[in-house]
Every structure is written in structure tokens, then in C-alpha cells.
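**Student:** Here you go, one structure.
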Amino acid sequence: MEALASRWSALLADLNDLRVHIEPARLREIVAECTAALDGKLAAGEEEPLHSILALAYYRLGETRRQLVHTRAIARLRPDDVLAQRNYGGSLIEVGQLTEGISVMEEAANLPSPHRSRTLGDLAFAYTQARRWDDALAAFTESVRVADYTSERDLMSLAAHGAQLGFRQQSLEFLARYLQVAHGVELGERTAPDVVRDVAANHPEWLWFVAGVPPLRLVILQALTVDPLLAGHIPWDHFSAEIITTESAQSAEDVFATMKPLSDEATLAVLRDGGDGDGSK
């Protein structure tokens, strides 16, 4: 039993790390094995990791409706867990159930958690899909205010959601801070675009997570002043090909075209008023 639990734990670790490439055929094998295990007799505590593995496997396969089955199951098993509720809300939104998904995300954002900034960022993006622009701005601004500026994940989230919401300048600032925290990049007096240009030229692998966020990818390419078609030296496709399905691969330009412009001043004001804090607010 311990060996099986260890194997499931290793599978979860690989599925959670988008830098680990898993062939679709292998993902299908994982789905078949875990589905069979769910249908069998399970000991206490064994159901949740199986649902987690299946949710991540279906995510990588781009099968969002099947993913939803398992994120819903996890949310029911862990009603007070922010990550479980956030993932469930995100899955609902992925399949077009905006109203229900936003409701779940709003509840998750109100739960006490060290993940609150990331949850608010996801909620802000969900609001944009419902064309609730003022709510999107409020949620993202609060996400900036409560973020832990020593957390790699919070900074990654701010960079991604900033780009998704049209905060191009701030997105690069958050990305530069992420590179400083995650990889020890010296910022000095350099501007954020200069930092990103240097990293893209010398350590493109540090930008692995950008592949799944087309608006952030576009922001970086604009900072590089490079035509997207000529950016072959950055290994985006290796990381995103198995995840970004045809129907969901809307270009960043189209995303920006549907966005109501948001005021950068709102985010700048938050940063000026204490955004450099330690996240203790």
C-alpha cells in the first residue's frame, strides 16, 4: 500500500510540473489505471489523490469536461480547501458555466489562505470573461495588495493575470521580481523590459510557465521587439503543445481586443502604497 501511495505521489508531482513532458499515450494509460482504481475498493484517503491525478491528466489532454468531474469530486471532499474550490471554479469556467464558476471562485477568495492573492487573480480573469470589468479591476487590485512579494507563485500569478487584464507594464514588473526571487537575477537600475530581454537571451528556460499564458507571452515578445514568428529560440511550444487545445488557443491579440482597457494607475497606486510589503497584510 505504501508503494502504491508513493507511486501516486510521484505521478502527481510530474503532472503538476508542466516542465515534465508526458506523452498523450502515457496520459491515457494513467487515466485508465486510475479510473479502474476508483471503481475498486479504496482505503480511507485513497479517493482524493486518484481524483487529483485524473483531473491533471485530463487537463493535459485538453478534456475539460472530464476534468470537471474530478475537480468537482475533490471540492466535495475538501469543502474548506481554497485550492480545491479554486480549481473547481476554474473548471466550471473552462466549460462555460460562468455564473456558477464565479460563485465558487468568490467563495474561495473569501476563505483564509496563503493562496488568496492567486485566487483573487483567477477571480479577476473570470470576471473579464463575464464582462464584469469593474469587478475584475477590484479583484486584481486586491490581489496585488495582499500578495507575498517573496513568493515565486504569487509573482508568477501577478505577472500572468496582469497580462491577461491588459496591465502590460505592470506584468513585466512582476515578472522581473519573479526572476529576482526565483533565480537571483540582479535588478539594479535596469528596467523590467531590460531584465526580461536579458533572461530571454541567456536563460529562456526560466520563462517556462509563460507558454500557457498567451497574453504574457505576447507582452514578453513585445518587450523583445521581436515578431512572434521569429521567436523560435524561446522553447514555448515544448511546454504548451500538449495542453493548449485548438479551441482554447485564442491569440493574445484577440484577447486584448475584447478587453475593456483598465487603468494602470489603480495598480500603480497599490504598488506605491505598499505593494512592496512582505505579504502580511
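**Student:** Please pick out the residue among L179, L175, L187 that is in contact with a Gly (Cβ under 9 Å, 6 or more places away or on another chain) and at pLDDT 85 or above.
**Tutor:** L175
**Student:** Further, regarding this structure: How many residues, within region 65-101, are surrounded by fewer than 17 Cβ atoms within 10 Å (Cβ to Cβ), at pLDDT below 95 and hydrophobic (A, V, I, L, M, F, W, C)?
**Tutor:** 4
**Student:** Quick check, is F209 out of contact with any Pro (no Cβ under 7 Å at 6 or more places or on another chain), modelled with pLDDT under 90, surrounded by fewer than 24 Cβ atoms within 10 Å (Cβ to Cβ) and under 19 Å from R118 (Cβ atoms)? Lay out the reasoning, then the answer.
**Tutor:** Values: out of contact with any Pro (no Cβ under 7 Å at 6 or more places or on another chain): yes; modelled with pLDDT under 90: yes; surrounded by fewer than 24 Cβ atoms within 10 Å (Cβ to Cβ): yes; under 19 Å from R118 (Cβ atoms): yes.
It is true that F209 is out of contact with any Pro (no Cβ under 7 Å at 6 or more places or on another chain), modelled with pLDDT under 90, surrounded by fewer than 24 Cβ atoms within 10 Å (Cβ to Cβ) and under 19 Å from R118 (Cβ atoms).
**Student:** When the residues of region 33-45 are filtered to those that are more than 15 Å from R60 (Cβ to Cβ), surrounded by 10 or more Cβ atoms within 10 Å (Cβ to Cβ) and of a type in the set (A, V, I, L, M, F, W, C), which remaining residue is modelled with the lowest pLDDT?
**Tutor:** My answer is L42.
**Student:** Is it the case that some residue within region 149-156 is assigned to a helix (DSSP H, G or I), touching a residue at least 40 places away in the same chain (Cβ under 8 Å) and crowded, with 17+ Cβ neighbours inside 10 Å?
**Tutor:** Yes, region 149-156 contains a residue that is assigned to a helix (DSSP H, G or I), touching a residue at least 40 places away in the same chain (Cβ under 8 Å) and crowded, with 17+ Cβ neighbours inside 10 Å.
**Student:** Also, I was wondering about something else. So if I check each of G121, G162, which one is at pLDDT below 90, under 29 Å from D194 (Cβ atoms), within 16 Å of the chain's Cα centre (by Cα) and in a helix (DSSP H, G or I)?
**Tutor:** Going through G121, G162 in turn, the sole match is G162.
**Student:** Which pairs do you get when a residue that is assigned to a helix (DSSP H, G or I), found in region 32-61, comes within reach of a residue that is of a type in the set (F, W, Y), reach meaning Cβ atoms under 8 angstrom, with the pair 6+ apart or on two chains?
**Tutor:** Every condition considered, the pairs that remain are P49/W8; L50/W8; I53/W8.
**Student:** Given the conditions (1) without any contact (Cβ under 8 Å) to a residue 40 or more places away in the chain; (2) assigned by TED's automatic domain parsing to the domain that holds G184, which single one is not true for H115?
**Tutor:** Going through (1) without any contact (Cβ under 8 Å) to a residue 40 or more places away in the chain; (2) assigned by TED's automatic domain parsing to the domain that holds G184 one by one, H115 breaks only (2).
**Student:** Of everything in region 106-118, what is over 20 Å from G166 (Cβ atoms), assigned to a helix (DSSP H, G or I) and within 16 Å of the chain's Cα centre (by Cα)? Give them in sequence order.
**Tutor:** Matches in region 106-118: A108, A109, R116.
**Student:** Got at least one residue in region 124-131 being among the β-branched types (V, I, T), in contact (Cβ under 8 Å) with a residue 24 or more places away in the chain and not assigned by TED's automatic domain parsing to the domain that holds L18?
**Tutor:** Step one: filter region 124-131 for residues among the β-branched types (V, I, T), giving 128.
Those still in the list that are in contact (Cβ under 8 Å) with a residue 24 or more places away in the chain too: 128.
From what's left, not assigned by TED's automatic domain parsing to the domain that holds L18: 128.
Yes, that holds for at least one residue.
**Student:** Any chance region 77-90 includes a residue that's among the small types (G, A, S) and outside any helix (DSSP H, G or I)?
**Tutor:** Checked against the condition, which is being among the small types (G, A, S) and outside any helix (DSSP H, G or I), region 77-90 yields no hits at all.
**Student:** Tally up the residues in region 87-122 that are over 25 Å from L54 (Cβ atoms) and not polar (S, T, N, Q), please.
**Tutor:** Looking only at that region, the number is 7.
**Student:** Restricting to region 5-19, and then to whatever is assigned to a helix (DSSP H, G or I) and without any contact (Cβ under 8 Å) to a residue 24 or more places away in the chain, can you tell me which residue is nearest to A37 (Cα to Cα)?
**Tutor:** R7
**Student:** Sticking with this structure for a sec: Take the conditions crowded, with 18+ Cβ neighbours inside 10 Å and either in contact with a helix residue (DSSP H, G or I) (Cβ under 6 Å, 6 or more places away or on another chain) or at pLDDT 90 or above (or both) and apply them to V104. Does it pass?
**Tutor:** For V104, the condition - crowded, with 18+ Cβ neighbours inside 10 Å and either in contact with a helix residue (DSSP H, G or I) (Cβ under 6 Å, 6 or more places away or on another chain) or at pLDDT 90 or above (or both) - is met.
The values are calculated or read from the model by the stated rules, or taken from the named source; none is laboratory data. From a predicted model like this one, the values you see are computed outputs, not experimental measurements. Ideal geometry is used to build each Cβ from the backbone, glycine not excepted, and the neighbour counts take in all protein chains shown.
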